[in-house]
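Just below is one structure, and these are the notes that go with it.
The values are calculated or read from the model by the stated rules, or taken from the named source; none is laboratory data. Quick caveat, the model's predicted, so the values are computed rather than measured. Glycine also receives a Cβ, built like all others from the backbone with ideal geometry; neighbour counts cover every protein chain displayed. These area figures cover heavy atoms from the full protein model, side chains too; ligands, DNA and RNA do not enter into them. Shrake-Rupley method; radii C 1.70, N 1.55, O 1.52, S 1.80 Å.
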Amino acid sequence: MSHVANRFTGCTIIVTGGGAGIGRATVERLIAEGGRVVAVDVSADRLTSLIDEVQGDITTVAADITDPASTAQILDAAGPRIDGLANVAGIMDGFEPTAEISDATWDRVLAVNVTAMMRLTRGVLTPMLERGMGSIVNVGSEAGQRGSAAGTPYTTSKHAVNGFTRSTAFFYTPKGIRCNAVAPGPVATSIEAPFHSEWAGERLGPLFQTNIPRVARPEELAAAITWLLSDDASNVSGAILSVDGGWASI
Ligand SMILES: NC(=O)c1ccc[n+]([C@@H]2O[C@H](COP(=O)([O-])OP(=O)(O)OC[C@H]3O[C@@H](n4cnc5c(N)ncnc54)[C@H](O)[C@@H]3O)[C@@H](O)[C@H]2O)c1
C-alpha cells in the first residue's frame with residue numbers, strides 16, 4: 001500500500017489501541033507519512049514492541065482508557081498542539097443476546113467502546129477549539145450498522161459510536177473540527193470474539209457463513225482512518241464510512 005509523503009509532517013496525532021491490530025497499523029502509517037504519534041494502549045508489552053519495531057516520533061502511554069485519570073496523562077504526553085485523535089481501542093462482547101448479558105460484560109464493553117471514547121474526545125476538544133482545527137476519527141463496526149454482527153452489548157456500543165460521531169460533528173464542524181467514523185467488517189487482528197451463547201451461534205452462524213466478505217488487513221482500515229484524519233478529507237464530517245468489502249450493502 002503506498003503512502004502520501006509528508007501528509008502529517010508537523011502534526012501530532014493520538015491513537016488509542018496503538019499497540020495492536022488496526023491501531024498499530026494506523027500508527028505505522030502516520031509515522032510513514034511524517035507525523036508524530038502518541039500511541040496509547042493498556043498493554044505495555046505491545047507498546048514496547050511498537051517502539052522497538054517502528055522507527056519514528058512515537059510517544060507511548062501505557063494506560064487503561066477507562067481510567068478517568070488517563071485523559072490527563074494522554075493530553076500531557078501530546079502537548080499543546082493536537083491535530084488528530086483516532087479512537088481505535090475497543091473490545092468485543094461474547095456474542096451475548098439480551099437475556100444472557102452479564103452486568104460485567106455490559107459495563108466493560110460500554111466503558112471501553114463508548115465512555116472512554118467520549119472522555120478522550122472531550123479532552124482533546126479544548127486544545128483543538130483553541131486552534132480552531134482538528135480531526136477526530138472513531139472506529140465503529142458493521143455491528144453499528146445492523147443487529148446481526150455481534151452480541152447486544154457490542155452492537156449497542158457501536159451504534160452509540162455512530163451517534164456520538166454525528167453529534168460531535170454537528171456541534172463542532174462549524175468551529176473547524178471534523179469528526180468521522182469508519183465501520184470495519186472483519187479484520188485480521190488480535191481482538192478476541194469467543195461465542196459465549198449457544199443461541200447466538202445458532203442464530204448468527206448461518207448469517208456469518210453467507211454474508212461475511214473477506215477478512216481485511218489492518219492496513220486497509222488504517223488507509224481510511226488516516227485519510228479521514230488528513231486534510232484530504234477537509235470537507236468530510238459526520239460520515240460513517242463503511243470499510244467492509246461491501247458487507248453493509250447486503
Ligand atoms: N477486528 C475486527 O474484525 C473489527 C471489526 C469491526 C470493528 N473493530 C473495531 O476496531 C477497533 C480495533 O480493534 P482491533 O481489531 O484492532 O483489536 P486488537 O485487539 O487487535 O487491538 C485493540 C488494542 O486496543 C487495546 N485496548 C483494549 N482495551 C483497552 C483499554 N481499556 N485501554 C487502552 N487500550 C485498550 C488492546 O490492548 C489492543 O492492543 C475496535 O474498536 C474494534 O471494535 C474490529
I want the local charge near residue 142. Using Cβ-Cβ distances under 13 Å, sum +1 for each Lys or Arg and -1 for each Asp or Glu among the other residues.
+1
The chain: C-alpha pair distances exceeding 33 Å, %:
14 percent
Solvent-accessible area, 1.4 Å probe, carbon plus sulfur percent, for the stretch 19-63:
42 percent
Place +1 on the Cβ of every Lys and Arg and -1 on the Cβ of every Asp and Glu in the stretch 115-250, take the dipole about the Cα centre, and give the residue among 184, 171, 243 whose Cα lies farthest towards its positive end.
171
Against the empirical 2.2 N^0.38 Å scaling, what ratio does the C-alpha Rg of the stretch 119-204 come to?
1.34
For the chain, percent of DSSP beta bridges that are antiparallel (nearest 5) comes out at 0 percent
Pairs of alpha-carbon atoms within less than 8 angstrom and 6+ residues apart define the contacts here; what relative contact order does the chain have, in percent?
21 percent
Ranked highest first by the average count of other Cβ atoms within 10 Å around their residues, in what order do 22-33, 152-163 fall?
22-33, 152-163
Counted charge near residue 178, where neighbours are those whose Cβ lies closer than 15 Å (Asp, Glu -1; Lys, Arg +1):
0
On the Cα set of the stretch 58-188, report Rg and Dmax in Å, please.
15.2, 47
May I ask for the net charge around residue 238, where only other residues with Cβ less than 13 Å from the Cβ of residue 238 are counted and Lys, Arg are +1 while Asp, Glu are -1?
+2
Which one of 230, 204, 109 is farthest out on the positive end of the charge dipole of the stretch 12-241, using unit charges on Cβ (Lys, Arg +1; Asp, Glu -1) and the Cα centre as origin?
230
With +1 on the Cβ of every Lys and Arg and -1 on the Cβ of every Asp and Glu, and nothing else charged, how large is the dipole of the stretch 12-241 about its Cα centre, in debye rounded to the nearest 20?
760 debye
Over the stretch 81-181, what relative contact order in percent results from Cα pairs under 8 Å that are six or more residues apart?
36 percent
Summing -39500 (n - 2.57) over every DSSP H run of at least 4 in the chain, dividing by its residue total and rounding to the nearest 500, the 222 nm mean residue ellipticity is -13000 deg cm²/dmol
Relative contact order computed over the stretch 16-103 (Cα-Cα under 8 Å; 6+ residues apart), in percent
30 percent
If you build the Cα gyration tensor of the stretch 25-103 and take the root of 5 times each eigenvalue, what three semi-axes come out, in whole angstrom, biggest first?
28, 16, 12
Over the stretch 107-247, average the accessible area per residue using a 1.4 Å probe and give it in Å², no decimals.
45 Å²
Rank 79, 35, 151 by mean-square fluctuation in a GNM of the chain with C-alpha springs under 10 angstrom and give only the top-ranked residue.
79
